[in-house]
Every structure is written in structure tokens, then in C-alpha cells.
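A quick write-up on the structure given underneath.
The values are calculated or read from the model by the stated rules, or taken from the named source; none is laboratory data. These figures come from a predicted structure and were not determined experimentally. Here the Cβ positions follow ideal geometry from the backbone for every residue, glycine too, while neighbour counts run over all protein chains shown.
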């Protein structure tokens, strides 16, 4: 936005988005990605801003048929109807292939200046990047973490043991090796950055295992069950399994951190 002289404003929709991830009305895509409901949430938020601040319409970067689940013509039309935005959403990259919008009819924007991109090819977008002289551009592979198969697998397991998981619960799944055992999660840090991140995500009822020798930290989180000595010992075993160097008495060289 800065490169082309536009003011960027970021709105936090994380809490509302979490509820959608937990239970999406339109279901998930290939993994744990609730794309339709996610897009609807963003457009709903944009509608609130539009109406409150007196804007004329909403523009998105969506491309017709780029995503088979969420960017179909029927989905676009359903979104507009459900959100009470019929004719008020402009998708400049594909607008020539879609119904004429209200701002086009009013002469606010010109249809001939819109594009007719369709499908997954990025050739035209890359051409536009060069024309505008943009230096930063996301590659097709860079996307939502919820589409990542490995992360989605972890999140499904988390949802199975705790349907009302929070943002912190989902975040620890991104920061290390993760093992589920019953209703307990063990997360083993893979480097110093992850170790520190896990420490910052620790909840009062968690147990954090930290060695005084070179090795990973282990975060233990239980749902509906107490973290007893057996579980802690399991965490220590994991810590030692992933430690390259150990003291002569390693088990007594691991600190247990609990509480706030």
C-alpha cells in the first residue's frame, strides 16, 4: 500500500475469526481453512466501516475461480446477498466477468478499466507488479497457515480434545514438535526462538520444562486433566530424547516452571 501511496489500516478480527475456525457455517476447505466464512467476515467488517465512515463501495483482491472452494461466482453472489451488499462489492481483477456493480452504473469507476482475470494463473498479476514497480509481492505459495496440511492435522486433533480452544492453544501448535497424548499436549522447542516463544505462551496451569544443559524446552498443557508426575516424566523423556548434550544427572537438571 505504501509503495503506491495508499494509507493502510489494519483491523483486528482475530477473536471473531477464531469462532469461525472452531465452527464454520460453510465448512472447511481442503484442510482447516474456512475460506468462505473468513472472506465473509472480512467483507462484513468492511461493510461496517463503509457505512460508518461514508464510503461508496468495497473493493477486494479476489479473482474469479482462483480458489475452487471460496472464489466461485455463486459464492460471490451469495456473499453479497447474505451481507446486504448486492452491487456494492467490486473485484477489479475479475470485474469484467461479473455483474455490473453499482459504482460502475453510477460512473464512480469505469468498467473498461477493470480486468477479466480468471483461474489460478498469476501471469497478468505479475505483469501488473512490474508495471506498478512493486518490490514486495506475495508468491502463490504464500498463504494461510490453516491450509498447511501438517498444521491442519494438529489443529484437528486440538479441536477433538478441546472444541473451545483459544488463540493461545492454536498458537503453541506452530512453535515446535507437537505430541498429543490423551487430553495432554507436549510441545518441544526446536531452537532458542521457539523455546522463548513457548515460554511467552505458557498459561498458569501449564508446566514448562527447562534444562540447565543445551537442549529444548518442553511445554506441557492439559485439558480436563491434571498434569501429574507421570505426565511430567513423559515430558522429561521427550526433552532428553531431543537433547544432544546432557549432564551426568540430567533428570535433576531440568527445572519445572508452573504458575503465572
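Points to keep in mind about this one:
- Residue within the range 64-79 that is closer than 26 Å to residue 136 by Cα and modelled with pLDDT of 95 or more present: yes
- The lone exception for residue 154 - which of (1) in contact with a strand residue (DSSP E or B) (Cβ under 6 Å, 6 or more places away or on another chain); (2) farther than 20 Å from residue 222 by Cβ it fails: (2)
- Filter pass, residue 230 being over 27 Å from residue 31 (Cα atoms) and more than 19 Å from the chain's Cα centre (by Cα): yes
- Positions within the range 18-34 being without any contact (Cβ under 8 Å) to a residue 60 or more places away in the chain, surrounded by 17 or more Cβ atoms within 10 Å (Cβ to Cβ) and assigned to a helix (DSSP H, G or I), in sequence order: 20
- Here 249, 224, 206 are screened, and the one residue that is modelled with pLDDT under 90 and either within 27 Å of residue 157 (Cα to Cα) or touching a strand residue (DSSP E or B) at 6+ places or on another chain (Cβ under 6 Å) (or both) is 224.
- All helices (runs of 4 or more DSSP H) inside the range 146-260 with 3 or more residues being without any contact (Cβ under 8 Å) to a residue 60 or more places away in the chain and surrounded by fewer than 13 Cβ atoms within 10 Å (Cβ to Cβ): 192-201, 229-241
- Subset of the range 121-145 (residues that are touching a residue at least 40 places away in the same chain (Cβ under 8 Å) and closer than 14 Å to residue 28 by Cβ): 144
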